[in-house]
Structure formats: structure tokens, C-alpha cells
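For reference, the structure I am asking about is given below.
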Amino acid sequence: MHISQALETVLVNSHTVNFDSLSDVLDPGLIETGLSIAGVSTIRTRRLPMEQMVWAVLGMALFRNMSIKQLVSQMDILLPGKVPYVAPSAVVQARQRLGYEAIEHIFNLTAGHWNQQADHPNWCGLTLLGVDGVVFRTE
């Protein structure tokens, strides 16, 4: 599955799931863990903190119909010192500094966490998985 198909599936299914904030579905501790595993830290206090940048990346994936400016405003992403205006170019630069490793670790941690919480269907002690109509049996 291509990433565009996966994001489209999330977008279609996001209308059936309601949550008030992203922190309702994602533990902020996972973000800190993912950033530390990837070795990413915020050093300069003038720039966007990397924790807020991760939230912005997740917001960009889930709310693709919004511009970066709208997304940053709606998610209350602020510069240090509680400066309310964040230029879209600052978000783009922070995203480039963040890199893909931290996001990859956070997605893997989240997938593992949600997989453990999921109620997987079982049959005869086996977990049922369906892919394109084919059923695989795993132990």
C-alpha cells in the first residue's frame, strides 16, 4: 500500500472516530521516547521545539485539507515564549531539522502500542488476519 492510499484510508475513517485532541489517541510519552531514541533534541530556544513539530507532522497527516498556517493555529503550536504567530516557513524548516528517524520511531512505537490494545479476532487459538480476502493463520 502506498502512503497516499494509507493516508486516504485514515482520512476516510477519521470521520467516524471523534477525539478532541491528538493527545487523546497518542501518549505524549511516546513522542519523548521516539525523539530520544532518534537522538533529536531542541537546543535553541528561538526555534520550534521538536515535540511540537512531531504534533504538527501528525496533524499534517491527519488534517490534509488544512494549510500549515491553519493547522498551527488550530493546534496551538507556539514558539518558545508563547509567541502566538508561527510562520509557515518556520514549520517547514523545523520539519527538515526533525528528520524522518524520530517520526519512524514514534510510528513504530505507536503501532506496537495500539496493536497490543487492539481486540484481534481469534479462531481456535489463532489470530485471524485478512489481506485482500486471503486469511493467514499465525501463532
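Taking θ as phi - 60°, what are the ³J(HN,Hα) couplings along the range 111-127 by the Karplus curve (6.51, -1.76, 1.60), each to the nearest whole Hz, with x for Gly and Pro?
Along the range 111-127, the couplings run 4, x, 5, 5, 5, 5, 7, 5, 9, 6, x, 10, 8, 6, x, 10, 7 Hz.
How far is it, in nm, from the label point at T127 to the one at Q5 when both lie 7 Å from their Cα along the line to the Cβ?
Those two pseudo-labels are separated by 2.2 nm.
Could you line up T110, T127 from fewest to most neighbouring Cβ atoms inside 10 Å? All intermediate terms of the calculation are to be shown ahead of the outcome.
Values: T110 17, T127 12.
Exposure proxy ranking, most exposed first: T127, T110.
Would you kindly derive the ³J(HN,Hα) couplings of the range 58-71 from the backbone phi angles with the Karplus curve 6.51 cos²θ - 1.76 cosθ + 1.60 (θ = phi - 60°), listing them in order in whole Hz, with x for Gly and Pro?
Along the range 58-71, the couplings run 4, x, 4, 6, 7, 10, 6, 7, 9, 6, 4, 4, 5, 4 Hz.
Throughout, read-outs are computed from the coordinates displayed, never taken from laboratory work. All of these numbers come straight from a predicted model, not from anything done at the bench. Cβ sites come from the backbone with ideal geometry, for glycine too, and all protein chains shown count toward neighbours.
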